[in-house]
Amino acid sequence: MKAIVMTGLSGSGKSFIAKLISENFNYEWIRSDAIRKSIMGIPTDVEAKAEFEKGIYTKEITFLVYNLMMILGRECIKKGKGVVLDATFIEEWQRNLVTKNFNNYVFLHTVAPEEVIRKRLESRRDISDADYSVYLKQKEKWKDIPGAIKINTDKPVDVILQELKSLIK
């Protein structure tokens, strides 16, 4: 089975694509936002906004979150189930965890026009706490991932599903 690794900046559509993959291709969806709040004892419907790399988003907590994602992902693969890992994977060490933990994986990099991302983040009401200021900080740090497949999430769902079908065989 395959590990599909969602990458991209906040608001780019990672969770949207991860949910489509989970629902349409029977992959287990492992969400960094849910893991982070769970290990911190915060209900998923409670906001925990913080500045970039502060609060529950420190480097130490992020390290725990990504490592737990790898453990849970490997368990899914051992059970014969595909897994979609949903996080920014903005740092090289985070991407290296994938290459060390999975033999069969693909990085899907979600993109959208900045004005679309800004509108999404301004109207966001879900488990993620990232806002536009976090997006801008992430954008400063972002480096493209060699070999990652880009998916523009500012398209109709049926078009995106067709793209995903060709990638997930």
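Quick note: the coordinates plus some simple rules give every number you see, no bench work behind them. Bear in mind that the values here come from a model prediction, so they are computed numbers and not experimental data. Positions of Cβ are backbone-derived with ideal geometry, glycine not excepted, and every protein chain shown enters the neighbour counts.
Things to note:
- Neighbour counts of other Cβ atoms within 10 Å put Trp142, Trp93 in the fewest-to-most order Trp93, Trp142.
- A cut-off of 5 Å between modelled amide H atoms, ignoring neighbours fewer than 5 places along the same chain, links Val111 with Ile151, Asn152, Thr153.
- Compactness of the chain, expressed as Rg and Dmax over alpha-carbon positions, Å: 15.0, 41
- Pairs with C-alpha atoms separated by more than 19 Å, drawn from the list Lys119/Lys143; Lys2/Lys155; Lys100/Lys137; Lys119/Lys150; Lys59/Lys139, are Lys119/Lys143; Lys2/Lys155; Lys100/Lys137; Lys119/Lys150.
- Shown here for segment 63-148: trypsin sites (Lys or Arg not before Pro) in loop regions (DSSP other than H, G, I, E, B) with at most 10 other Cβ atoms within 10 Å, namely Lys79, Arg125, Lys143.
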